[in-house]
Amino acid sequence: MSASLLTTTPLSLALAGLDLSDAAGTLLQGETLFRAQLDLARRWRIAAVQLNAAAAGLRARELSRTGRRDLAALLRRSDVALSGGDLWIPPEHFIRSEHADRAVAAVLDAIELLADLAQLNSTPSAPPLSLMLPVNTPESIIQTISDRATTCGVPVADFTFTQTAPSPTGGSASTPPNPPKSPPSPDAPIGPGVDPAGIFMAGGDPIALAARLGASLRAARLSDVSSAGRRAVGGPRSLGGRLDVQRYAITLGAVTKVPFVTLDLRQVPDQLDAAPRAIAAWRNDG
């Protein structure tokens, strides 16, 4: 049976790392970039976008109440849902004294931003915030983030559950790319996220991990790797991708509750050519 008959998980488009240029080749920035990214999502018939919570003009600290209303209205007019937010702070910032306070504040502010956007657009439940916390994050920081997530009703997807994160000394974290023996409760404020490319690079199996995590999974990415590094799924076999898209799609649809799978184009060469192939591969119509 084809993946298209079994997959009910719609696509979202991650805006972090999606670089666009104008006709003159100048990289777009700020609101101009955001609007162009929304236009791409519509053109590709993608149901939602994953906000880059670290982008200039979209950082929580830069958005007043009026700015948040304008952002929510822009999403409504674009007929694009919000699948969540990405805040890819370097993991080591959470455990370095000179960065920790600012990193935690950014996370707390991003959680509140997602809660506000959900309320402004009358979304039944707020979408998750995706990030990476080091395995040795102080318990006080974990508790602070958990408390804010619980208060705001915004789940947090920690991608260090399923892959290693860099240590402050530049090496890998001390744990292998495996979640805890007992996955967290589906109701826990912080839960795991699955990024196939990151898991492959850490030596793990993203499909097996997704199956093991089941309902505790908070977020899932659509990504892949080859011998050359990150790449999008789909396209010629000669590109050497590792992800079995059909098995991944069936697994996510069968055992998890993630409402979207997020197409992640970070560090992918030729993004505008690669993305349509990835979308076709997910929908099993290419």
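The values are calculated or read from the model by the stated rules, or taken from the named source; none is laboratory data. All of these numbers come straight from a predicted model, not from anything done at the bench. All Cβ positions, even for glycine, are placed from backbone atoms using ideal geometry, and neighbour counts span all protein chains on display. Heavy atoms of the whole protein, side chains included, go into the accessibility calculation; ligands, DNA and RNA do not. Shrake-Rupley method; radii C 1.70, N 1.55, O 1.52, S 1.80 Å.
Data overview
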{"quantity": "So ASP101, is it among the charged types (D, E, K, R) and under 17 Å from THR150 (Cβ atoms)", "calculated": "no"}
{"quantity": "Failed condition for PRO183, given (1) at pLDDT 95 or above; (2) more than 18 Å from the chain's Cα centre (by Cα)", "calculated": "(1)"}
{"quantity": "Selection count, the stretch 17-35, where residues are in a loop (DSSP other than H, G, I, E, B) and either farther than 26 Å from PRO90 by Cα or open to solvent by 20 Å² or more (accessible area, probe 1.4 Å) (or both)", "calculated": "9"}
{"quantity": "Residue in the stretch 63-81 that is buried (at least 22 other Cβ atoms within 10 Å of the Cβ) and touching a strand residue (DSSP E or B) at 6+ places or on another chain (Cβ under 6 Å) present", "calculated": "no"}
{"quantity": "Criterion (aliphatic (A, V, I, L, M), farther than 18 Å from SER12 by Cβ, surrounded by fewer than 21 Cβ atoms within 10 Å (Cβ to Cβ) and in contact (Cβ under 8 Å) with a residue 24 or more places away in the chain) met by exactly one of ILE250, ILE199", "calculated": "ILE250"}
